[in-house]
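Comments concern the structure below.
Coordinate-derived values only; no laboratory data. The shown structure was predicted, so the numbers you read here are calculated from the model rather than taken from an experiment. Cβ placement follows ideal geometry from the backbone for every residue including glycine, while neighbour counts extend to all protein chains displayed.
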């Protein structure tokens, strides 16, 4: 019998497999994209009655990086050492990538407008990008650290079609004046107030690492207290990739241990295994009702969830208007008498259990989703998980697995880009357009101000070069 270490080693992608993992051409139509997603789930052993990928949507979301620049110096950062030397993609190229995302996955695709921090783009360009995504019938989300995401900007972006805003706040960002993760709740509150009342679903991303693992319950409790505004709280396990300096995370930080921390903060047992999204070792999520500040598990009846998922798989829910989403869901459920009876029985039990809190809350109920992402280390990419990936990044050649893109970012962001009109190549380092692609200089010179504090990782300079 082979050892566990040998079995694990077989899963790690070779250099040849990494080089071959290029984007596939767009499917013949969007229905074919859904079928292809299901086929990938089957091939990787992830297809079951709980699987959303390939049943509800052909991809979880696509990251559209519109700048490599950032105004923070995070100790856990997926950008490369050379990111600050890369110029912003021409607007025409950003539009082409948006169109290509649509060609791959179709309407209602979730597109993360990200970077770096996307608010560092010219304001008019950022607004135009959001509008282009929405005009294609897709759903744009702004991923930002929040520093420049003022209310007037958010309002203008909502007018252009923005659906969600996801604020990334945690201690890896080294924000001045905040001693720990709990103190950052004051900043989170400020960001909530900036977006409150706008037609936006508010989300938060938190990187979990050695320095804040013990404080995750207090952060979760904060999201519960603000569940009238916050729709999703995402916890991302720190990965050894990009220009981060933290190294490998503590072995105690796993999907299971973070789920337990979330349950501690929610003061409730949550069903993290009822709904699956992509690979089980990459993602877990739970859905909860919050009534009078108390959390109630929404997915505690797995068989009922399976039936509801099958019934509602083709529906699209409006995240900007909960009442519209509820009406769409209720209408679909009422179309099946047996499912209506099962759902009504579950709801009555839940309402009876929560009757005291419902009375105090005067019938007000909020919904809060918890998501856990375990992104892969750059030197530990697993082919099966790459094949089952539900989070991709848009490149000049098409969407590619986000973990693979983060691990080999320079391969994608430093290469000259052929312009859509065929009139030459755009150079990411010089911003010049030339008839032929210019070679990438070695070494790449960074301006002193662009290096920030990351040269402290010089001890690890050769680490990622030997991956694969």
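Between region 137-159 and region 299-313, how far is it from one alpha carbon centroid to the other, in angstrom? Distance between centres, Cα-based: 33 Å.
Compute log10 of I(q)/I(0) for region 181-254 with the Debye formula, placing one identical point scatterer on every Cα and leaving out solvent, at q = 0.13, 0.14, 0.26 Å⁻¹, to two decimals. So the normalised log intensities are -0.44, -0.51, -1.20. Given R0 = 22 Å, the distance between the Cβ atoms of residue 174 and residue 248 translates into a calculated FRET efficiency of 0.65. Here is how the number arises for the chain: DSSP H runs of 4 or more residues each give -39500 (n - 2.57), the sum is divided by the residue count, and the result at 222 nm is -10500 deg cm²/dmol. Based on C-alpha pairs under 8 angstrom that are at least 6 apart in sequence, region 169-229 has a relative contact order of 44 percent. Residues 157, 358, 237, ranked from the fewest to the most other C-beta atoms within 10 Å, line up as 358, 237, 157. Placing dummy labels 7 Å off each Cα toward the beta-carbon, the span from residue 32 to residue 17 is 2.7 nm. Counting neighbouring Cβ atoms within 10 Å and putting the fewest first, the residues 111, 158 line up as 158, 111.
Remark on region 76-140: hydrodynamic radius 12.7 angstrom, per the Kirkwood mean of 1/r across alpha carbon pairs. Once fully extended, how much extra length lies between residue 72 and residue 445, figured as 0.36 nm per residue of separation less the alpha-carbon to alpha-carbon distance? Extra length available between residue 72 and residue 445 comes to 132.2 nm.
Assuming a viscosity of 1.567 mPa s and a temperature of 4 °C, what translational diffusion coefficient in µm² per second does Stokes-Einstein assign to the chain, Rh being the Kirkwood radius over Cα pairs? For the chosen part, D equals 56 µm²/s. Please report the antiparallel percentage of DSSP beta bridges with both residues in the chain, rounded to the nearest 5. So the antiparallel bridges amount to about 40 percent of the total. Remark: spin-label model distance residue 326-residue 225 equals 2.6 nm, labels positioned 7 Å along the Cα→Cβ axis. Our Cα-only numbers for region 292-355 put the radius of gyration and Dmax at 12.5, 33 Å. Between region 360-400 and region 245-285, the C-alpha centres lie 12 angstrom from each other. Full extension of the segment from residue 123 to residue 218, taken as 0.36 nm per residue of separation minus the current Cα-Cα distance, would add 30.7 nm. The overall shape of region 60-112 is oblate: from the C-alpha gyration tensor, with semi-axes ordered a ≥ b ≥ c, the ratio a/c is 1.5 or greater and a/b is no larger than b/c.
The residue 147 and residue 364 beta-carbon pair, evaluated with R₀ = 35 Å, returns a calculated FRET efficiency of approximately 0.60. Geometric descriptor of region 187-315, per residue, is 150 Å³ (volume of the convex hull of the Cα atoms).
Taking all Cα pairs closer than 8 Å and separated by 6 or more residues, the relative contact order of the chain comes to 20 percent. Calculated on the alpha-carbon coordinates, the convex hull of region 1-147 measures out at 174 cubic angstrom per residue. Fewest-first ordering of 61, 379 by other beta carbons within 10 Å of each residue's beta carbon gives 379, 61. Simple spin-label estimate for residue 269 and residue 423 gives 6.6 nm between the two label positions (7 Å along the Cα-to-Cβ direction from each Cα). The share of C-alpha pairs in region 363-443 whose separation exceeds 23 Å stands at 44 percent.
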